[in-house]
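Here is the structure we will look at.
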Amino acid sequence: LFGSGVTSANAASRDFVLHATGGSGTNIGGADFTLAAGQGTGTGVGGAILFRTAAPGASGSSLNALTTRAEIQADGDLAVDTNTLFVDATNNRVGIVTATPSYDLSFGSGASRTIRVENQATLNTAGNNLTVQAGTGNGTGGVGGVLTLQGGSGSTTNINGGNVVIAG
């Protein structure tokens, strides 16, 4: 471990930086930088790469606890804050507030979700557009994809589905 157990009264001025080799001369590329987790053997799963930070705690001299903020798992999945953002590398899916995305882009249950382009920060500036578009056909016989807007399904006790609202 690099830096394990090392403390300092002025730790902020002692950053720990790793660099890959840089090019020297004209038009010389830099080297790749590789982080590698531990390798398993046989059916043993390899290790994950964890990104951990320590949030501030109560006043005192004890070290604050480290918390895993992001993880690249052995199967290639990426988890940020457990399930705030989750990339399922096996099924090529992305989950927001879910670690088990069922669709290409899945949102976790438990609350309504909103997708929006953020407001302009500059006063008297028009908002940015958001376009949702189905796939475009290709060639003479290529037909464009269908764009479907569908309200949520009702439960077994309340079969009424959700509404689709288009507002301008």
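The values are calculated or read from the model by the stated rules, or taken from the named source; none is laboratory data. This one's a predicted model, so the numbers in the text were calculated from it and none came from an experiment. Here Cβ is always computed from backbone atoms with ideal geometry, including for glycine, and neighbour counts include all displayed protein chains. Only protein heavy atoms, including side chains, enter the accessible area calculation; ligands, DNA and RNA are left aside. Shrake-Rupley method; radii C 1.70, N 1.55, O 1.52, S 1.80 Å.
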| note | For residue 106, the residues 5 or more places away or on another chain with a placed amide H closer than 5 Å to its own amide H are 94, 95, 96
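Mind checking the per residue accessible area of the range 87-168 for me, 1.4 Å probe, whole number of Å²?
Working: 7070 Å² over 82 residues.
I get 86 Å² per residue for this part.
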| message | Quick check: at a probe of 1.4 Å, how many percent of the accessible area of the chain sits on carbon and sulfur atoms? | response | 51
| request: Enter the Cα centre distance for the pair the range 53-71 and the range 137-153, rounded to the nearest angstrom. | output: 49
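Scan the chain and report its longest stretch carrying no chymotrypsin sites (Phe, Trp or Tyr not before Pro) that are both in a DSSP loop and have at most 15 other Cβ atoms within 10 Å.
Values: sites that count: 2, 16, 33, 103.
Answer from the scan: 34-102.
Only loop residues by DSSP count here, and only those with at most 10 other Cβ atoms within 10 Å; note down the trypsin sites (Lys or Arg not before Pro) in the range 70-144 that meet that.
Working: sites: 93, 113, 116; in loops: 113, 116.
Loop-located and lightly packed - 113, 116.
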| Stretch gain in nm, segment residue 74-residue 149, where the contour uses 0.36 nm per residue and the Cα spacing is subtracted | 23.3 nm
| Points 7 angstrom from Cα along the Cβ direction at residue 55 and residue 103: gap in nanometres? | 3.1
| task | Sticking with the crude label model, points 7 Å out along Cα→Cβ, report the distance from residue 21 to residue 82 in nm, one decimal please. | result | 4.3
| Shape box of the chain [Cα atoms, principal axes, largest first, Å] | 61, 57, 52
| request: Enumerate the calculated ³J(HN,Hα) couplings along the range 72-78 in order (Karplus 6.51 cos²θ - 1.76 cosθ + 1.60, θ = phi - 60°), each rounded to whole Hz, writing x wherever the residue is Gly or Pro. | output: 9, 7, 4, 7, x, 5, 10
